1. Of all the Cα-Cα pairs you can form in the chain, what percent are over 25 Å apart?
2. With the full set of protein chains in place, find how many percent of the accessible area of the stretch 1-54 is carbon and sulfur; take the probe as 1.4 Å.
3. How would you order 212-223, 31-42 from highest to lowest mean count of nearby Cβ atoms within 10 Å?
4. Hydropathy at least 1.6 by Kyte-Doolittle, axial extent at least 18 angstrom from the Cα trace: which helices of the chain, defined as entire DSSP H runs, fit?
5. Could you compute how much accessible surface residue 83 exposes when probed at 1.4 Å, giving the result in Å² to the nearest 10?
6. If the viscosity is 1.567 mPa s and the temperature 4 °C, what Stokes-Einstein diffusion coefficient in µm²/s follows for the stretch 290-331 when Rh is the Kirkwood radius over Cα pairs?
7. Please work out the ratio of the alpha-carbon Rg of the stretch 233-296 to 2.2 N^0.38 Å and round it to two decimals.
8. I'd like to check one number: the per residue accessible area of the chain, probe 1.4 Å, reported in Å² as a whole number.
Amino acid sequence: MTEFKNRVFGCAIVKAINANYNADFSGQPRTLPDGTVYATDKAFKYTIKNYLKDVYQNEKILGFKRHNQAKEFVPYSLMEAFCNMFPDLMEITEKKTKKNENEDGGGKESSESIRMKGSKTDVAKALLSCIDVRALGFTFAGKGKDKKDNIAISVHGPVQINYGVNLWKNAQKYTDQIMSPFRNPDEKSEDKQASTLGRQSRLDEGHYLHHFSINPQNLCDITSLAGADCAKLTDEDIAKLKEAMRRGATWYDSASKAGCENEMLVWVQLKDDSKIVLPNFTNLIDLKDEKEDGKCVYDFSKLKTVLDGVKGEIASVEVFFNKQSCKLLNLPEGITQNDL
């Protein structure tokens, strides 16, 4: 497989209609101090990893929440997840711990201790065998047999994704009351004989733009540690990543994410020897306040001006978009237009 060496700049736009693409801990759509609705990079990364996990089941995805069915369906710790994926690098021992004196039965209870038995190079190779790690990065810390054998590795991911800023100026948040089919079990509550009430918050319409950049050179430190035969970012990885970035939000479905869909992906790939750095695409693509024939109108004038000034540095420019819901104006010269 061919190693991918080009740098890339671009953006992905996620549309949310009567949905909550990325809630805060109060259940409300996230907002900046000026009231602008936004979404974290983690929300978009989750859709990427979830898509890769479901569609490319032979790929290893380490940084994804999974549950341990053998232990009351609790989430895996980092060490447990790594052990489950790479059992040859881990050592599981049973240790005895004293019970609390107030507990009945006395004696000792058992628990598992998971420790590393592989070298730092072995762990680095294992991490790079996971497509989400070699693309998005990862921070790993594992316990060795003693403190001097502890392993800590930070992988600077080639793909860096920014917070998504909602471009639709007319967005409105709203909250609905919902009723549970069950009553409040608290006998001291005034509502103990009534069904419990809850709330769910939504955004009537949002168009979140996530700027991103890709620099394969970010992996140099970890690949030098892992050795020449370690997995590197490949053309095949990039093809899968590009597919997930334009389809992952539509693929993922839940009560709050219903109504969230991929709307656009802009991909500007530089030539191998290019050293230029492009500005954040959040400020280069405008969404008009009024729709035309029910379609959102995106103006690329600012991006066109920037790209026209560096034509000699660019290998290709692509845009993938939903042609049923979008209209694009003032596209850069030579851009390839594709369906999502």
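The values are calculated or read from the model by the stated rules, or taken from the named source; none is laboratory data. Every value quoted in this text rests on a predicted model; they were computed, and no experiment measured them. No Cβ is skipped: glycine too gets one built from the backbone with ideal geometry, and neighbour counts run over all protein chains shown. All accessible areas refer to the heavy atoms of the entire protein, side chains included, with ligands and DNA or RNA removed. Shrake-Rupley method; radii C 1.70, N 1.55, O 1.52, S 1.80 Å.
1. For the chain, the share of Cα pairs beyond 25 Å comes to 62 percent.
2. Here it works out to 50 percent.
3. Ranked from most to least packed, the peptides come out as 212-223, 31-42.
4. Working: long enough: 41-55 (21 Å, -0.82); 235-251 (24 Å, -1.01).
Passing helices, by number: none.
5. In the full protein context, residue 83 sits at about 20 Å².
6. Rounded to a whole number, D works out at 111 µm²/s.
7. 1.49
8. The answer is 54 Å² per residue.
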